[in-house]
Amino acid sequence: MYSFAYHKPTSVKDAAGAFAKGSEARYLAGGHTLLPSMRLRLSHPSDLVDLAGVAELKGIKVDGGTVTIGAMTPHGEVASNAAVAKAIPALAKLAGGIGDPQVRNRGTIGGSLANSDPAADYPAAVLGLGATIKTNKREIKADDYFKGLFETALEDGELITSVSFPVPEKAGYAKFANPASRYAIVGVFVAKTKGGVRVAVTGAGPCAFRQAAMEKALSGGFTADAVANVKHAASGLNSDLHASAEYRAHLVTVMAKRAVAAAS
Amino acid sequence: MAENGIGARVRRKEDARFLVGKSTYTDDINRPGQAHAVFVRSPHAHATIKKVDISKALKAPGVVAVLTGANMLADKVNGLPAGWQIHSKDGSPMNEPPHIPLAPDKARYVGDHIAVVIAETRNQARDAAELVDVSYEPLKAVVNVAEADKGGAPQVHDQAPGNLCYDWHLGDKAAVDAALAKAAHVVKLDLVNNRLVPNAIEPRAGIGEYDAATDRYTLYTSSQNPHVIRLLMGAFVLGIPEHKLRVVSPDVGGGFGSKIFHYAEEAVLTWAAKKVGRPVKWTAERSESFLCDAHGRDHATHVELALDKDHKFTALKVSTKAAMGAYLSTFAPAIPTWLYGTLLAGVYTTPAVYVETKALFTNTSAVDAYRGAGRPEACYLLERVVERAAWQLGIDPVELRRKNVIPASAMPYQTPVALQYDCGDFGKNLNDAAKVVDWAGFAKRREESKKRGQLRGIGISHYIEACGIAPSAVVGALGGRAGLYESAEVRFHPTGSVTVFTGSHPHGQSNETTFAQIVADKLGIPIENVEIVHGDTDRIPFGMGTYGSRSLAVGGSALVKAIDKVIAKGKKIAAHQLEASEADIEFKDGVFRVAGTDKQKAIGEIALSAYVPHNFPHETTEPGLDESAFYDPKNFTFPSGCHIAEVEVDPETGTTKVLRFVAVDDFGNIINPMIVEGQVHGGITQGIGQALTENCVYDAQSGQLLTGSFMDYCMPKADDVPSFEVSTNVVPCTHNPLGVKGCGEAGTIGAAAAVINALLDALKPLGVKEFDMPASPHRVWQAIQNASRKAAD
């Protein structure tokens, strides 16, 4: 690890201030991607702005038709929160399937979304539920947020403060995990919402994306059979040691089917 | 049976420190004034080193020294030696290119050692290592063993044309060819035995130290065999005599074979310590472990099995290409030869077996012994081809095995490939396992799975292995450059406690408990009064260490010999004090007694009088009660067993789940059943790991290691394995005093074939016939797609 300056602010304002002063500053949330890459000397921030002391970034609120999760809320809390489990069971289940207990105890929703790992779970829920990402500067619609491989709509220094999920009529998530890392090789989140059916896919492409053909098919009837024969094209999908693009394309259909079957 | 004696489920003594984090691993040791080493490693799989410019690194903060291959050559440091010499078919000795610990002229794999930077702190050494400017001229690399001997393949060593280390064979080729020619059936298979990374939980680490006042070196290293390291490094690499070199290996957190070998880092640290006049410490990062620990397996094999019209095996012919990696690791040459070819008769009566092995250099980390070492490769191919034969001929796989199994009545049994099995009841292993798994009821279970859309399969692996490599004279005749005995010293203290100094050196095998059980049982003293010392060449007698499931069979036997000497001496002392003839003294449960009388002396009293020899047979006996012994076995031991796996495949995703795993093993007599079960569980998990998840992959073009972290190299996890159904079928070894055979590797040896045979059984309805490990979901799905495409054509 190269040396860096460490800051532990207690407010969003101070965090943004500390970030702005650094030449190559990074925010530190759960640190599951950042710290290993620093240890491997692949990342060399000048300043690390640790968000662990910012109380206003933590917590879960469920009111009316919305679940709002503070950016620094760890996955484990989302997974075990009774109100979340009642309002959007698929979201609680998704959070409970990220990594292992240690990861879920440290990793946060804000960190996951800011990093936008192509194989992360949360992006599927954010896009699948049509969530709103609130930052210290503005609100960003899920549909406008994911831009590419590790690329989001966030500007330099912009800090996610919370994420608001509208409660759907029904939603489900199915993930096919990488046997080694347990990240998603393909994860599909399906939701029947007031605004229509949404199907979001993570793991398969450079970033989470919506699957229009499946959304259309499910609009005619929200059943597993409706998507069973909707194929996804392999072109443009990720291909690596663990899964070819063709395999991922195949799994998009299989996981969509299973997500619908699991939806509640 | 004594409460804590042989056969008891005694809880592990060593856990008192392990479970509370109070153990001492090499990295826990810090020496006064120590500096820290970081290695500059080649980023290229194959490259000529044009220049190593250390000038910037030398000026970096905290740097003590930067040393390169040129310094090693100037100091006349020799290459790391191979501990076993194999001869080719034509009688020529194997090709042994030199392996200078810091590569002076050419990098031969990604991770090859180019320079070492020594600084005040580890971070400073890392900073400075980035400033070492190495000019490379990259060369084309060969990483796939199947390609390594082809014309035009890049040459790893100039002195090894065709990348050939040796071209070895064993068996009667003419007899095998004749049997194949007149066989009623011939079954052929091509198999790849996938390369594995050992991944001990404790990375390798070392501290080199030199004391100018006494001209004495000390190396602390995470090793399975400190004396072997002292011998190889001292006598062959650095030229340090034994009395000037101490090797200490404290608690070791796993090894699976990978910590048997003498590594470049050990020699560099020891050499550098004298050069810089300070202790020099290094601990591998996990990335370095992936790159530079010796890997396992990596075979490409063609096999043919001949059967007569009655389905009796008449011949087996095996042709294997085995990767050696970039350099010869310590025992690498022995693994795909004497630990592999000799096991190819298996548990069967096949009268003629011929095996040829081409060992080839590749631009990869070295390949050497990894849990099972040659025997898993032998078992895998044999059990795959037997299963294929059953399928091809439409016979029940249990029946085919029964028909060909060596009967217990045929013991001792001379195989056509050098080994003589002393004992074993292979048929019973098979029958017991089939009964436990309910072989006959499988069809019903398959139907039940089918209803859930799942494909169920069942597979057998009927193995035998050879442990406790021995005797030394035979090993020497086969090219071994070491003896393979073991040592033990039993020091009975004046007030009745015992310290055992053993040449065995556990890295997870629980010897501190099992050896103490043997002492408690044989000497009749409480187990609490026994301490087992190991791992320090200044404290223990010359020992060969722990590998090849040898600790109990060889080290335990040495211990029994030393205990017997203690008892024999005790009898002399007791006879004197009880005024009886030595021949009349009996020893039982810690008491010497004049036979048929109530005249007796407790062993504690005898021990005290040995050190306070007031009433003592001075004219015939020396004071003290401290006996040592070396034990050189008469033969290998032959654990055997039958493993049966039941798997379920999800045809939609290709996911394979092991639902059941039944193991019936014969390890001979058992000292501690709980510890044996633990060894079997771990071994099976590693076998399932090879079968389902683990695969070490290098990029064919660049030679880069693609599976260089746990994100890409898939270790089996707790939820990848079922609750195991294990039991034993004890047939005591006939030639060692404890009647024990060894259990450390059996699980790994048997498991992989059982799982893959079960997988292929599950995929039968889809027409999948060929499959190479690992059965990752992607690869299984691909195999299903390929089969359905073929069916459509």
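Where does the Debye-calculated log10 I(q)/I(0) of the protein assembly as shown sit at q = 0.04, 0.07, 0.09 Å⁻¹, using only Cα point scatterers of equal weight, no solvent?
Evaluating at q = 0.04, 0.07, 0.09 Å⁻¹ gives log10 I(q)/I(0) of -0.23, -0.72, -1.13.
Count the net charge of all other residues whose Cβ sits under 14 Å from the Cβ of B:C379, scoring Lys and Arg as +1 and Asp and Glu as -1.
Neighbour charge sum, excluding B:C379 itself: -1.
May I ask which residue of B:L238, B:H507, B:G152 lies farthest towards the positive end of the charge dipole of chain B, with charges of +1 (Lys, Arg) and -1 (Asp, Glu) on Cβ and the Cα centre as origin?
About the Cα centre, the residue reaching furthest to the positive side is B:G152.
For A:244-253, what's the mean count of beta carbons from other chains sitting within 10 Å of each residue's beta carbon?
The per-residue average across the peptide is 3.
At most 14 other Cβ atoms within 10 Å plus a DSSP loop assignment makes a site exposed; report the longest stretch of chain A without any exposed trypsin sites (Lys or Arg not before Pro).
Between exposed loop sites, the widest span is A:42-136.
Taking other Cβ within 10 Å of each residue's Cβ, how do B:I784, B:I756 sort, fewest first?
Ascending number of Cβ neighbours within 10 Å: B:I784, B:I756.
Using unit Cβ charges (K, R positive; D, E negative) and no other charged atoms, how large, in debye to the nearest 20, is the dipole of the range B:10-72 about its Cα centre?
Dipole magnitude for the range B:10-72 comes out near 40 debye.
Cα centroids of the range A:109-129 and the range A:214-261: how far apart, whole angstrom?
Taking the Cα centre of the range A:214-261 as reference, the centre of the range A:109-129 is 19 Å away.
When a/c reaches 1.5 or more, the comparison of a/b and b/c decides; with that in mind, is chain B rounded, prolate or oblate per its Cα gyration tensor?
oblate
Taking the Cα centre of chain B as the origin and placing charges on Cβ (Lys, Arg +1; Asp, Glu -1), which of B:F587, B:V276, B:G555 is farthest toward the positive end of the dipole?
It is B:V276, whose Cα lies furthest towards the positive end.
For the range B:547-635, what ratio Rg/Rh do Cα atoms give with a Kirkwood hydrodynamic radius?
A ratio of 1.07.
Please find the FRET efficiency linking B:K450 to B:K717, where r is the Cβ-Cβ separation and R0 is fixed at 22 Å, and quote it to the nearest 0.05.
0.20
What value, in deg cm²/dmol to 500, does the helix sum -39500 (n - 2.57) over DSSP H runs of n ≥ 4 give at 222 nm once divided by the residues of chain A?
Per the formula, -9000 deg cm²/dmol.
May I ask you to list the lysines whose Cα is less than 26 Å away from that of A:K194, ignoring any residue fewer than eight positions away on the same chain?
Those lysines meeting the cut-off are A:K61, A:K86, A:K93, A:K134, A:K141, A:K147, A:K170, A:K175, A:K216, A:K231, A:K257.
Treating only the Cβ atoms of Lys and Arg (+1) and Asp and Glu (-1) as charged, compute the dipole magnitude of the range A:110-264 about its Cα centre; round to the nearest 20 debye.
Computed charge dipole of the range A:110-264: roughly 500 debye.
What shape does the range A:152-196 take by its C-alpha gyration tensor, where a ≥ b ≥ c are the square roots of the eigenvalues and a/c under 1.5 counts as rounded, a/b above b/c as prolate, and the rest as oblate?
Cα axes put the range A:152-196 in the oblate bin.
What shape does the range A:5-53 have by the C-alpha gyration tensor, where a ≥ b ≥ c are the square roots of the eigenvalues, rounded means a/c under 1.5, and otherwise prolate means a/b greater than b/c and oblate the rest?
Judged from the Cα gyration tensor, the range A:5-53 comes out oblate (a/c at least 1.5, b/c at or above a/b).
Take peptide B:776-783, look around each residue's Cβ out to 10 angstrom, count Cβ atoms belonging to other protein chains, and average those counts.
5
How would you order A:77-84, A:218-225, B:537-544 from highest to lowest mean count of nearby Cβ atoms within 10 Å?
B:537-544, A:77-84, A:218-225
List the lysines whose Cα lies under 27 Å from the Cα of B:K309, skipping any in the same chain that are fewer than 8 positions away.
Cα-Cα hits under 27 Å: B:K173, B:K182, B:K188, B:K317, B:K403, B:K428, B:K764, B:K769.
Please name which of B:A60, B:W84, B:M72 has its Cα lying farthest along the dipole of the range B:54-164 towards the positive end, using unit charges on Cβ (Lys, Arg +1; Asp, Glu -1) and the Cα centre as origin.
The one lying farthest along the dipole's positive direction is B:A60.
Which helices of chain A meet both criteria: a Cα extent of 15 Å or more along the helical axis and a mean Kyte-Doolittle score no lower than 0.0, with helices taken as whole DSSP H segments?
For chain A, where a helix must reach 15 Å along its axis and average at least 0.0, the hits are A:245-262.
Along the range B:464-471, what does the Karplus equation 6.51 cos²θ - 1.76 cosθ + 1.60 (θ = phi - 60°) give for ³J(HN,Hα), rounded to whole Hz, x for Gly and Pro?
9, 9, 10, 10, x, 2, 5, x
Restricting to DSSP H runs of at least four residues, report the calculated mean residue ellipticity at 222 nm for chain B, -39500 (n - 2.57) per run over all residues, nearest 500 deg cm²/dmol.
-8000 deg cm²/dmol
Quick one: putting +1 on the C-beta of Lys and Arg, -1 on the C-beta of Asp and Glu, what dipole do you get for the range A:5-53 around its Cα centre, in Debye to the nearest 20?
80 debye
Nearest 5 percent is fine: what portion of the DSSP beta bridges confined to the range A:1-86 is antiparallel?
35 percent
Using the number of other C-beta atoms within 10 angstrom as an exposure proxy, rank A:E155, B:E377, B:E648 with the fewest first.
A:E155, B:E648, B:E377
In chain B, what % of DSSP beta bridges are antiparallel (nearest 5)?
Just about 80 percent of them are antiparallel.
Quote the relative contact order of the range B:138-266 in percent (integer), defining contacts as alpha-carbon pairs under 8 Å separated by 6+ residues.
It rounds to 19 percent for the range B:138-266.
Just want the ordering: A:E56, A:E215, B:E209, from fewest to most Cβ atoms lying within 10 Å of their own Cβ.
The order, fewest Cβ neighbours first, is A:E56, A:E215, B:E209.
Read-outs: derived from the displayed coordinates by stated rules, not from any lab. Remember, it's a predicted structure, so these values are computed and weren't measured experimentally. Glycine also receives a Cβ, built like all others from the backbone with ideal geometry; neighbour counts cover every protein chain displayed.
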